[in-house]
Amino acid sequence: MHDLPPLARFGGLLATDLREVTGDPEALDSRGWWAVVADFEGGLTCARFGDVRSDPARSRRPHHARWRGPAPGDWTSSLDRAGYTAGVRRIREHIAAGDVYQANLCRILTAPLPDPRLEASDVDAFGALLAAGNPAPYAGTVRLPAHGVEVATASPELYLRREGDTVTSGPIKGTGRTAADLLEKDHAENVMIVDLVRNDLGRVCATGSVTVPDLCAVEAHPGLVHLVSTVRGRIADAGDGRTWARLLDGTFPAGSVTGAPKRSALDVIRSLETAPRGPYCGGVGWVDADRGTGELAVGIRTFWIDRAHPAGPVLRFGTGAGITWDSAPEREWAETELKASRLLAVASGTGPAEPVPGNRQEERTTT
């Protein structure tokens, strides 16, 4: 089952020769180059690799043949259309009651892998296919079969970038097919989350150092556009051996995929969502402890393989939307479909235009 060797690919680099795996975030301030996968529920996997070298994109193309994706009609959703729109209405009730201002409601899509053999369901091969079919600034792959981590991401969103004592976050809120689709509600939601991220970074940054260099910039991505802001600060006591631990403690999960106030939004999320998010909405990326640098993406547009599922190996993917008082339930459902449609088509090998099968609800699982 674990015949394929461990590896990670991020930012034009290929990492091999696995040396160490730990769940201790303080390791990220020790030594070496690490691949990082943080589950939304709090699980953390940090893998140190001994060989890190340039990885030209052309070297990945021959591996596409090692991926056999799910059939397009085999995807099921943890929340069907009726369940999701009911959840949107429930969040609006929480907003009316003053419990939250905004909350992110997500659903997990699952499909069985048609061929469970590793040589036919290699997440690294899928990562290459995903990078070609849906290019993204924070694309990457982590393959650690023996540790239950097989993740491929096409994330467009920066969670944390560290460059010495400078830390930057790039929250996304607001999605449309074109810039003309973006509403005042999208801008208001983005500003709300920027305030939350400023507060989070303020917990670990020097007083007065947190700034917002860009607010509500429109960014084009395959098949859609986003509103993206930039929040930056100077880390207090950088180099104390616990910088990454403090960054994660102070900011995780990312505000853009939780809501505001964050603690209350997390309570609402737990009451409405019927499946764990796993790496989706968590953090995926790399850290170079020797150089004091790193880049973690918010785990959106992210797939992972669950080989422990009782019915056999499955591929999972998450999609969601931020809900505010101005949210229309059907429009929010449509946003989750827009975000997923191109990526599910890539996973199933049907091209980027395949519609999302979202009305079939899976049986609730906790695997």
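What the table shows:
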| quantity | calculated |
| --- | --- |
| Qualifying residue in the stretch 230-247 (condition: assigned to a strand (DSSP E or B), open to solvent by less than 20 Å² (accessible area, probe 1.4 Å) and touching a His at 6+ places or on another chain (Cβ under 9 Å)) | no |
| Strands (runs of 3 or more DSSP E) contained entirely in the stretch 135-229, each with at least 1 residues that are among the polar types (S, T, N, Q) and surrounded by fewer than 22 Cβ atoms within 10 Å (Cβ to Cβ) | 166-170, 172-176, 211-221 |
| Qualifying residue in the stretch 86-99 (condition: hydrophobic (A, V, I, L, M, F, W, C), touching a residue at least 24 places away in the same chain (Cβ under 8 Å) and closer than 24 Å to Val298 by Cα) | yes |
| Filter pass, Gly43 being over 30 Å from Glu332 (Cα atoms), open to solvent by 20 Å² or more (accessible area, probe 1.4 Å) and within 21 Å of the chain's Cα centre (by Cα) | no |
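The values are calculated or read from the model by the stated rules, or taken from the named source; none is laboratory data. On a predicted model such as this, the values are computed, not experimentally measured, just so you know. Reconstructed Cβ throughout: ideal geometry from the backbone, glycine too, with neighbour counts over all protein chains shown. Accessible surface is based on the protein model in full, side chains and every heavy atom, while ligands, DNA and RNA are left aside. Shrake-Rupley method; radii C 1.70, N 1.55, O 1.52, S 1.80 Å.
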